[in-house]
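The structure under discussion appears below in the form of structure tokens.
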Amino acid sequence: MGEAIVITSGKGGVGKTTATANIGTGLAMHGHKVVLVDADIGLRNLDVVIGLENRIVYDIVDVVEGTCKLKNALIKDKKTEGLYLLPAAQTRDKTAVSSEQMTTLINELKEEFDFVLIDCPAGIEHGFKNAIVAADKAIVVTVPEVSAVRDADRIIGLLLANEVSYVRLIINRLRKDMIDAGNMLDIDDTLEILSVDLLGIVPEDSDIIRSSNIGEPVIIKAESPSGIAFRNIVARILGENVPLMELKKEPAGFFASIKKLFSRKQV
Amino acid sequence: MSDIVAFRGKQSSLEIEIASEADFSDILKAISERMESKRSFFSGTACVKIAGGSLAEEQQRELEGMLIKDYGVLSVEFQGKTRPQIRVARQAQARREESTLTSELKSGVSSKTTGSAVFIQETVRNGQRIDFDGDIVVCGDVNYGAELVATGNIAVMGALRGKAHAGSSGDETAVVTAYRLEPQQLRIGRIIAIAPKDTQQVNYPEIARVTGDALVIAPVSRVIK
């Protein structure tokens with residue numbers, strides 16, 4: 001019996017889908033059998049990020065409506081052994097699946113897979129409720145911005161009220177330079193407000209956009225900073241004790257270090 | 001009868017487990033029989049937790065009303081999907097009759113005792129609202145976007161970052177205190193104050209009250225000597 005983890009955020013565009021794709025790929029790379037469930041019916045993206053877009057024949061709505069069997073709708077990733085996708089329907093909306101249907105579906109998937117990762121849509125309406133209804137655990141993704149942190153707070157409240165008591169936080173798209181300049185919420189501020197345990201920090205990284213566009217999760221890339229961050233997150237999910245990674249600024253050149261010397265004098 | 005409900009005494013609460021298939025009228029009868037047999041013992045029980053059973057909203061209300069009104073239980077909690085804080089407002093109504101008294105404390109601050117308070121032992125998050133006829137004590141933070149509305153006083157043992165409205169039925173002797181008083185908006189009675197743009201964060205508990213026509217914030221240490 002596997003476990004169902006919902007990846008959610010409240011606010012859109014903070015990296016739920018990217019996190020789902022990377023964590024799922026990472027868990028599969030560790031030899032686990034993983035299925036990614038795209039609960040964002042009508043605005044599906046997970047298939048694109050993971051590069052399986054062209055292979056969709058049946059989707060989640062076909063499964064709950066009985067058009068096809070569950071195993072026919074699952075797409076096996078050829079790049080990563082043990083990784084499967086249950087895509088969302090693009091031509092329908094969130095109301096096409098009920099909470100009861102979702103619960104049955106997730107429980108059925110848990111029989112067969114070690115991890116069922118549910119990519120939650122933005123918002124707190126029907127789609128969100130469906131995504132969390134059968135989840136055992138939740139990973140809340142946020143970015144160090146006031147609006148995203150407030151939405152995350154709202155989401156955590158809703159998760160706890162719906163008896164998803166295991167909640168962990170990922171702070172995504174962190175920019176060390178902006179935090180140092182005082183223009184971004186820092187990690188301690190965010191954790192103090194949200195009062196949940198931190199699962200990991202992912203630095204802002206242009207590799208993410210590139211890898212999403214080519215449909216290859218960044219976690220596969222050995223040297224990419226966000227890839228390393230996601231590998232650490234996966235290790236922590238699997239119970240390893242990995243320290244938070246040191247966030248580096250861009251390598252400072254000769255002129256930059258001189259400038260720094262001068263600016264330090266002024267303080 | 002004993003198969004329908006099981007009573008279990010916990011440290012400061014009483015747990016009643018209901019058999020899931022039992023009929024509601026039988027449940028009521030079984031509970032009241034047990035309570036009746038030791039009426040003085042159960043009276044004043046701080047919290048009765050109801051577990052098991054599949055009671056509808058109205059049934060929960062009826063059972064709660066019976067325990068509070070007839071047997072002097074202070075609060076009733078239903079375990080399962082509904083969390084205690086959602087039920088707070090309703091609890092308050094059942095205990096509305098309690099007398100209100102005003103006492104003068106040594107410091108000269110008049111404090112109103114409404115006889116009932118609710119104790120919230122968790123962080124109140126964005127989008128959550130606690131509405132209570134009496135005092136509210138939060139052991140945790142009150143985050144941005146959360147709202148506390150009390151006819152009495154509000155005390156937050158943590159950071160108050162959301163909105164707080166004390167003395168909501170017009171009582172301007174009510175106060176708001178917090179370990180970190182950083183609210184978005186503060187209301188006492190009919191007076192509303194909005195946090196100034198550049199407030200300095202302070203590291204001590206503060207108290208807000210109405211003086212004249214203004215809402216005044218001061219360190220708690222200055223008021224309580």
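We did not get these values from a lab; they are worked out from the coordinates using the rules stated. Keep in mind it's a predicted model, so treat the numbers as computed, not measured. Backbone-built Cβ (ideal geometry, glycine too); neighbour counts: all protein chains shown.
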Can you put A:SER9, A:SER99, B:SER25 in order of Cβ neighbours within 10 angstrom, beginning with the fewest? B:SER25, A:SER99, A:SER9
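What FRET efficiency comes out for the pair A:ASP186/B:VAL220, r = Cβ-Cβ distance, R0 = 25 Å, nearest 0.05?
My answer for the efficiency is 0.30.
Other chains near A:147-155: what is the mean number of their Cβ atoms within 10 Å of each residue's Cβ?
Values: counts 0, 0, 3, 7, 3, 2, 13, 8, 3.
Going residue by residue through A:147-155 and averaging, the value is 4.
Taking the alpha carbon gyration tensor of chain A, what are the square roots of 5 times its eigenvalues, largest first, to the nearest whole Å? Before the final figure, lay out the partial values.
Details: eigenvalues 238, 81, 50 Å².
Whole-Å semi-axes of the equivalent ellipsoid: 34, 20, 16.
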Count the lysine pairs in region B:5-82 that are 8 or more places apart or on different chains: how many have C-alpha atoms under 19 angstrom apart? 9
3J(HN,Hα) from dihedral phi, region A:89-97, Karplus parametrisation 6.51/-1.76/1.60, rounded to Hz, x for glycine, proline: 7, 9, 9, 10, 10, 4, 6, 5, 10
What does the structure give for B:122-133 when I average, per residue, the other chain Cβ atoms found within 10 Å of the residue Cβ? 5
From the phi of every residue in region A:41-47, what ³J(HN,Hα) in whole Hz does the Karplus formula 6.51 cos²θ - 1.76 cosθ + 1.60 yield, where θ is phi - 60° and glycine or proline is x? 5, x, 9, 6, 9, 4, 4
Alpha-carbon centroids, region B:1-63 and region A:2-24: separation in whole Å: 42 Å
Furthest towards positive pole of dipole, A:ASN22, A:LEU159, A:CYS120, structure part chain A, Cβ charges: A:ASN22
Tell me whether the protein assembly as shown comes out rounded, prolate or oblate; compute the Cα gyration tensor, take square roots of the eigenvalues as a ≥ b ≥ c, and use a/c under 1.5 as the rounded threshold. oblate
Quick one: Cα centre-to-centre distance for region B:145-207 and region A:32-91, in angstrom? 49 Å
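Take each of the peptides B:158-169, B:184-195, A:198-209, average the number of other beta-carbon atoms within 10 Å over its residues, and list them starting from the highest. Mind dumping the intermediate values first?
Values: B:158-169: 22.5, B:184-195: 15.9, A:198-209: 18.3.
Per-residue Cβ counts within 10 Å, averaged per peptide and sorted highest first, yield B:158-169, A:198-209, B:184-195.
How do B:LYS29, B:LYS49, A:LYS16, A:LYS71 rank when sorted from fewest to most other Cβ atoms within 10 Å of their own Cβ?
Ordered by Cβ neighbours within 10 Å, fewest first: A:LYS71, B:LYS29, B:LYS49, A:LYS16.
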Work out the charge dipole of region B:5-82 with +1 on the Cβ of Lys and Arg and -1 on the Cβ of Asp and Glu about the Cα centre, then indicate which of B:ALA56, B:PHE41, B:ALA22 is farthest towards its positive end. B:PHE41
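Cα-Cα over 25 Å: which of A:LYS11/A:LYS76; A:LYS16/A:LYS110; A:LYS129/B:LYS197? Spell out each step's value before the answer.
Numbers: A:LYS11/A:LYS76 30 Å; A:LYS16/A:LYS110 21 Å; A:LYS129/B:LYS197 36 Å.
Beyond 25 Å: A:LYS11/A:LYS76; A:LYS129/B:LYS197.
Please state the charge dipole magnitude for region B:5-82, taken about the Cα centre, from unit charges on C-beta atoms (+1 on K and R, -1 on D and E), reported in debye and rounded to the nearest 20.
Details: 10 positive and 13 negative charges, 81 e Å.
Dipole about the Cα centre, nearest 20: 400 debye.
Mind checking the mean number of beta-carbon atoms from other chains within 10 Å of the Cβ atoms in B:153-161?
Values: counts 0, 0, 0, 0, 0, 1, 2, 0, 3.
That works out to 1 on average.
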Through the Karplus equation 6.51 cos²θ - 1.76 cosθ + 1.60, θ set to phi - 60°, convert the phi angles of region A:5-18 into ³J(HN,Hα) values in whole Hz; use x for Gly and Pro. 10, 9, 10, 9, 7, x, 6, x, x, 9, x, 4, 5, 4
Arrange the following residues from fewest to most other Cβ atoms within 10 Å of their Cβ: A:LYS79, A:LYS110. A:LYS79, A:LYS110
